[in-house]
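Take a look at the structure below.
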Amino acid sequence: MSEFAIKNDVAGQAKCRSQPPNSGGKILVHHLLAEFMGTALMIIFGVGVHCSEVLKGTKYRGSGHIFAITTWGFGITIALFIFGDVCINPAMVLAQCILGNLSWAVFIPYSVAEVLGGVIGAMIVWVMYADHFKASEEEVSPITIRNLFSTAPAVRNLPRNFFVEFFDTFIFISGILAISEVKTPGIVPIGVGLLVWAIGMGLGGPTGFAMNLARDMGPRIAHALLPIKNKANSDWQYGIIVPGIAPFVGAACAALFMHAFFGIG
């Protein structure tokens, strides 16, 4: 879930907070690290709140979905305030490439950096909650443990699940592109956080509103790699089809719609 568009300057290099003075490869590495760290921080907040809500012995166990969705929204806001004009979502990278604000050459590197950030962020959460994972081994089901890391549908119906993630992402990316047009300082991180909160509350029930390959696939990979006892299968079919592909389709449609209807791009 997340994500502010990176704008290009006249030289074709994307502007980023604390951009180093050197050009070329060093700037690309700087951006890749920003995407990696921003995504990792988002996942630390997001997967962390699910662990806090579900695992045995945590101080906030049973706190509910409002607690979780609010933390996702606030967490994304903080990540954007810290790292500036990052995408932290491969779907947003795609949208910016379609709109001409990013070079297609950075699409794969940015996306890989974001997924890796999701992996590391989820692993950090596992270390932080290791005692609670151990305490929950006999009480919390393996599937529930898996779902702390990645999304899962309330009712498994892949075509409908795909449509939900497509539509959620369409609204999400359209909203971010619109918010990005407002020039008031600080409004974008706050606006994106509120957008995440609204989508989560209104549209998140069927699938968990991933809207972001890095948000789902990164933690899903982490779950597959971590030494979790009695581990459930990683459900790669769902992960690839629904939170994997649908957000890209939604983002592409959002970029084309916002450009055609509002001239954004």
So in the stretch 162-202, with the set limited to residues that are closer than 19 Å to Ala254 by Cβ and polar (S, T, N, Q), which one is farthest from the chain's Cα centre (by Cα)?
Ser180
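Considering only residues that are surrounded by fewer than 15 Cβ atoms within 10 Å (Cβ to Cβ) and either within 19 Å of Pro90 (Cβ to Cβ) or modelled with pLDDT under 95 (or both), which ones fall in the stretch 232-244?
If the condition is that a residue be surrounded by fewer than 15 Cβ atoms within 10 Å (Cβ to Cβ) and either within 19 Å of Pro90 (Cβ to Cβ) or modelled with pLDDT under 95 (or both), then Trp236, Ile240 are the ones that fit.
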Keeping to the stretch 122-144, report how many residues are under 20 Å from the mean Cα position of the chain (by Cα) and small (Gly, Ala, Ser).
1
Elements of type helices (runs of 4 or more DSSP H) in the stretch 54-160, at least 1 residues being farther than 23 Å from Phe170 by Cα and not hydroxyl-bearing (Ser, Thr, Tyr)
65-83, 107-128, 130-135, 142-149
Flagged pairs (Cβ under 7 angstrom, 6 or more apart or on separate chains; first in the stretch 215-231, at pLDDT 95 or above; second charged (D, E, K, R) and surrounded by fewer than 24 Cβ atoms within 10 Å (Cβ to Cβ)) are His223/Arg146
Can you give me the number of residues within the stretch 195-216 that are surrounded by fewer than 24 Cβ atoms within 10 Å (Cβ to Cβ) and touching a Ser or Thr at 6+ places or on another chain (Cβ under 8 Å)?
1
Picking from Met258, Met201, Met217, the residue that is out of contact with any Phe, Trp or Tyr (no Cβ under 8 Å at 6 or more places or on another chain), closer than 30 Å to Ala135 by Cβ and in a helix (DSSP H, G or I) would be Met217
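The values are calculated or read from the model by the stated rules, or taken from the named source; none is laboratory data. From a predicted model like this one, the values you see are computed outputs, not experimental measurements. Because the Cβ atoms are built from the backbone with ideal geometry, glycine has one as well, and the counts that use them run over all protein chains shown.
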